[in-house]
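The values are calculated or read from the model by the stated rules, or taken from the named source; none is laboratory data. Quick caveat: nothing in here was measured; it's all calculated off a predicted structure. Note that we place each Cβ from the backbone using ideal geometry, even for glycine, and neighbour counts take in every protein chain shown. Side chains are part of the model used for accessible areas, which takes the heavy atoms of the whole protein and leaves out ligands, DNA and RNA. Shrake-Rupley method; radii C 1.70, N 1.55, O 1.52, S 1.80 Å.
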Amino acid sequence: MADPVFVGFCLEKNANCGAKVVKKAFPEEPVGVICQVNGVYQVVEYSEISSETANRRNSDGELTFNAGNICNHFFSKEFLKTLILEHEQELIYHIAKKKIPFIDANGVRQNPATPNGIKMEKFVFDVFQFSTAPWAKGNFAVWEVLREEEFSPLKNADGAPKDTPTTSRGDLLNLHKQFALRAGAKLCNSEATNGASNGHAAAGCGQLKAVVEISPLVSYFGEGLTELLGGKELNPASIERDPTTGQPKITPLP
């Protein structure tokens, strides 16, 4: 589901391309950065930026190149149509070093621990460079968002220390938990209320964990939940829109 606020921001700026960014957590974080190269907007991939450039800082201590690209983009239909029909051949390839499984001389499949091959790739954000071209008739817009609200990358299988299905799901559930707390709900597990404005946990929770899943069909970013959740004690629950009535309903989770 597209972010209506982000879409409105891009339309207000007459943007044919827009991008959400987060501040990089550390210089070597594996995300591309949005910047200008020779006056042209583009994403420089983390594999294409030198360590010296990645670590460069401003006088205030902030990273000079800290606009991390989270691949949440806006494009106008007319811009993409013109680009594809008239300028697609101008897009460049990127070199990506990959760990590519192969069959060795003995017929045994090998899964290399280090990169052993190169893939030639094109990325959707490569079109940013054309956003301010005369034919594009528009602007490029950047919207910085909070990492804890909008970015939890999924890059690895479970078992890795970060960026796994489990960490991504946990971050999403924590965001939904905060939505419920701001709406006045009382949740199981005192950990759920640390730092919350109401500071209340539901009585009689025992060892239940504070798990709340909120469908975007009910609330996109926590809006409109006060009447539904205010003052209610929630054990683990899913909040969805009833397909028959169209009204939100609270369903206990096992």
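In table form, for the structure just shown:
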| quantity | calculated |
| --- | --- |
| ILE95 being surrounded by 15 or more Cβ atoms within 10 Å (Cβ to Cβ) and of a type outside the set (S, T, N, Q) | no |
| Failed item in (1) open to solvent by less than 70 Å² (accessible area, probe 1.4 Å); (2) at pLDDT 95 or above, with GLU144 passing the rest | (1) |
| Subset tally (residues that are outside any helix (DSSP H, G or I) and either β-branched (Val, Ile, Thr) or surrounded by 13 or more Cβ atoms within 10 Å (Cβ to Cβ) (or both)) for segment 57-90 | 15 |
| Pairs, first more than 12 Å from THR64 (Cβ to Cβ) and among the small types (Gly, Ala, Ser) in segment 23-39, second in a strand (DSSP E or B) and open to solvent by less than 20 Å² (accessible area, probe 1.4 Å), C-beta under 7 Å, six or more apart | GLY32/VAL43; GLY32/ASN69 |
| Hits in segment 123-153 (condition: within 24 Å of PHE79 (Cβ to Cβ), in a helix (DSSP H, G or I) and not hydrophobic (A, V, I, L, M, F, W, C)) | ASP126, GLN129, PRO134, GLU150 |
| Odd one out for CYS71 among (1) at negative phi; (2) touching a residue at least 24 places away in the same chain (Cβ under 8 Å) | (1) |
| Residue pairs meeting the criteria (Cβ under 6 Å; at least 6 apart or on separate chains; first part of a helix (DSSP H, G or I), in segment 159-171; second surrounded by 11 or more Cβ atoms within 10 Å (Cβ to Cβ)) | SER168/SER152; SER168/LEU154; ASP171/SER152 |
| Given (1) of a type outside the set (Lys, Arg); (2) modelled with pLDDT under 90; (3) under 20 Å from PHE123 (Cα atoms), number of the condition VAL31 does not satisfy | (2) |
| Number of the condition not met by MET120 [criteria: (1) of a type outside the set (Gly, Ala, Ser); (2) in a strand (DSSP E or B); (3) within 27 Å of ALA25 (Cα to Cα)] | (3) |
